[in-house]
Amino acid sequence: MPTWLSQIGRIRAPVPAALYWTVAAATFVLPALAWWLVANGGYVDRLFLPSPAEVAKQAIVLAENGRLWGDIGWSVYRVFAGFALAAIIAIPVGILMGTYHIADAVFEPMTDFIRYMPAAAFIPLIMLYVGIGETAKILMIFIGTYFQLVLLVAAVARTVPIDVINVAYTLGASRRQVLTNVVIPASLPGLVENLRITLGWAWTYVIVAELIAAQQGLGFRIMEAQRFLKTDTIFLYIAIIGILGLASDQIMRRISAKTMPWAETFHR
Amino acid sequence: MNIAAKLDTATATSVAKLSVRDISRSFSTRGKTVEALKGVSFDVPSGSFYSIIGHSGCGKSTLLNIVAGLDQATSGVVAVDGVVRRSPGPDRGMVFQSYTLFPWLSVVENVAFGLRMSGMGKKERREAALHYVELVKLGAFVDAYPKELSGGMRQRVAMARALANKPAVLLMDEPFGALDSETREQMQELLLNVRAKEFMTVLFITHDIEEAILLSETIGIMAARPGRVAHEFKIDLPYPRDAETKISDAFVQTKRRLIEIFKTV
């Protein structure tokens with residue numbers, strides 16, 4: 001039996017990179033193949049299930065007239081604006097919550113309370129207060145991600161081992177130095193990991209925001225396509241959201257590996 | 001209580017680098033008060049190696065945390081060079097049982113951490129740190145990150161990091177407790193070696209009698225519930241000591257006597 005075969009069932013044991021990526025690629029290729037077979041076999045009405053070729057054709061049309069790029073550009077801009085705003089506030093607040101018990105008292109119960117309110121329920125209020133412009137969409141993404149992110153950051157800051165903090169004190173670090181030179185750097189890998197995960201939620205909320213009121217963007221185009229029963233466009237745009245998510249995920253992983261070569265990581 | 005007078009009598013007999021006087025510590029949990037330490041007193045003379053041994057749960061780690069200033073005594077004082085200390089400071093460097101290296105810093109940056117906190121310049125502190133990295137024989141791993149090091153190597157870095165700060169007293173809380181027996185022996189020899197080269201005063205916590213005998217000049221035996229130093233025991237074994245010392249007759253006799261006492265506490 002080859003050694004890699006015996007690795008498969010072993011808990012947390014790494015498998016060869018070639019095997020990993022072959023399996024990963026197959027999870028994309030096989031469903032696509034099944035889709036192609038079903039769509040071209042004539043089992044399902046074209047209205048419900050367009051064929052891969054039709055979706056590809058639609059992609060070319062929309063790419064050529066520029067609409068696709070405009071939509072991607074707008075959605076990406078909204079995601080990054082909303083998410084950056086959430087991260088800029090959630091990171092310092094979360095670190096304070098995880099470090100000082102009193103900051104925890106100030107933020108944690110309130111955050112838990114708001115966190116359970118569905119972000120979409122705020123839409124009417126957002127429209128009432130700030131209208132239906134860009135601010136509304138960015139605010140929507142902020143509400144959807146900030147309250148989750150701040151708790152995750154606090155949890156990360158809390159996992160810094162107390163002995164690591166204490167050893168810094170015995171090396172002469174002041175409280176402020178322990179915060180800036182120990183708690184923050186020790187939290188970085190977990191922080192980036194959580195940013196990566198919450199970025200996915202920002203993608204969900206940008207679509208929600210655009211479904212309501214927008215003139216361009218991926219979510220708006222999906223809504224518009226529904227009106228004209230353009231299933232191929234809907235398929236295309238949903239796939240594009242997936243691809244953008246996957247790409248931003250990979251970019252963040254790369255940045256994290258490049259900037260923090262010291263961090264303990266799982267095998268990929 | 002006249003602390004100053006007590007400290008004076010202590011310093012009259014020998015130069016006490018570290019004085020622990022009448023330390024008591026009680027914890028309240030679920031309405032009950034538990035006395036973890038009661039009236040712990042001892043002196044560690046300048047340049048000497050003092051070990052505290054005791055069964056697990058006797059409060060020896062609590063005691064060390066109080067000496068380090070990381071925990072507060074209910075009563076009693078800790079003094080370094082006759083000056084009372086209540087909060088942690090660079091005069092009492094510490095090596096923990098758990099791995100406490102900063103993972104984002106290389107070996108030499110870890111060792112230089114204390115120097116950086118005190119504002120020493122980049123070049124100067126690297127040079128100073130390198131001396132201690134060499135001292136613990138990790139010259140080949142100067143720029144490695146902690147994740148690339150074995151457990152024994154990590155503890156050697158932790159030791160170098162504490163020493164680089166030139167603490168008045170080095171506190172060690174079962175620093176080799178998490179290591180396998182072979183690595184542990186190497187670490188003990190290394191520590192003896194380091195002590196032969198650098199002037200240092202050490203307060204060492206362990207539950208390993210052999211380790212305590214090999215390394216120490218004085219052993220304080222702690223009794224539990226409430227924790228207190230029940231006996232003090234002088235080790236007269238000659239220097240230099242090494243792993244061979246453990247099989248000498250004098251060592252075996254010392255160990256036998258110590259075990260007898262240890263049974264009674």
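FYI, it's all coordinate maths here, none of it is from the lab. On a predicted model such as this, the values are computed, not experimentally measured, just so you know. Backbone-built Cβ (ideal geometry, glycine too); neighbour counts: all protein chains shown.
Here are the numbers for this structure:
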{"read-out": "All positions within the range A:173-203 that are farther than 30 Å from A:Tyr77 by Cβ and either away from chain B (no Cβ under 14 Å) or of a type outside the set (A, V, I, L, M) (or both)", "value": "A:Ser174, A:Arg175, A:Arg176, A:Gln177, A:Thr180, A:Asn181, A:Pro185"}
{"read-out": "Residue satisfying all of: in the range B:134-145; within 12 Å of another protein chain (Cβ to nearest Cβ) and either within 17 Å of B:Pro90 (Cβ to Cβ) or out of contact with any helix residue (DSSP H, G or I) (no Cβ under 6 Å at 6 or more places or on another chain) (or both); surrounded by the fewest Cβ atoms within 10 Å (Cβ to Cβ) among these", "value": "B:Asp143"}
{"read-out": "Filter result for the condition that a residue is more than 14 Å from chain B (Cβ to nearest Cβ), touching a Leu at 6+ places or on another chain (Cβ under 9 Å) and of a type in the set (Ser, Thr, Tyr), over A:Thr170, A:Thr145, A:Thr135", "value": "A:Thr145"}
{"read-out": "Number of positions in the range B:107-127 that are of a type outside the set (Lys, Arg) and either surrounded by 20 or more Cβ atoms within 10 Å (Cβ to Cβ) or facing another protein chain (nearest Cβ under 8 Å) (or both)", "value": "10"}
{"read-out": "Selection count, the range B:191-245, where residues are closer than 21 Å to B:Ser98 by Cα and of a type in the set (Lys, Arg)", "value": "0"}
{"read-out": "Candidate set from the range A:204-221 (those that are surrounded by 21 or more Cβ atoms within 10 Å (Cβ to Cβ) and either farther than 30 Å from A:Ile243 by Cβ or of a type outside the set (A, V, I, L, M) (or both)); member that is nearest to the other protein chains (Cβ to nearest Cβ)", "value": "A:Tyr205"}
{"read-out": "Within the range A:1-93, helices (runs of 4 or more DSSP H) holding 2 or more residues that are out of contact with any His (no Cβ under 7 Å at 6 or more places or on another chain) and in contact (Cβ under 8 Å) with a residue 60 or more places away in the chain", "value": "A:17-40, A:52-64"}
{"read-out": "Test result for B:Val95, within 12 Å of another protein chain (Cβ to nearest Cβ), of a type in the set (Val, Ile, Thr) and under 30 Å from B:Leu237 (Cα atoms)", "value": "yes"}
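Let's see how each residue does on (1) acidic (Asp, Glu); (2) more than 22 Å from the chain's Cα centre (by Cα); (3) part of a helix (DSSP H, G or I):
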| position | (1), (2), (3) |
| --- | --- |
| B:Leu105 | no, yes, no |
| B:Leu130 | no, yes, yes |
| B:Asp143 | yes, yes, no |
| B:Gln155 | no, no, yes |
| B:Leu190 | no, no, yes |
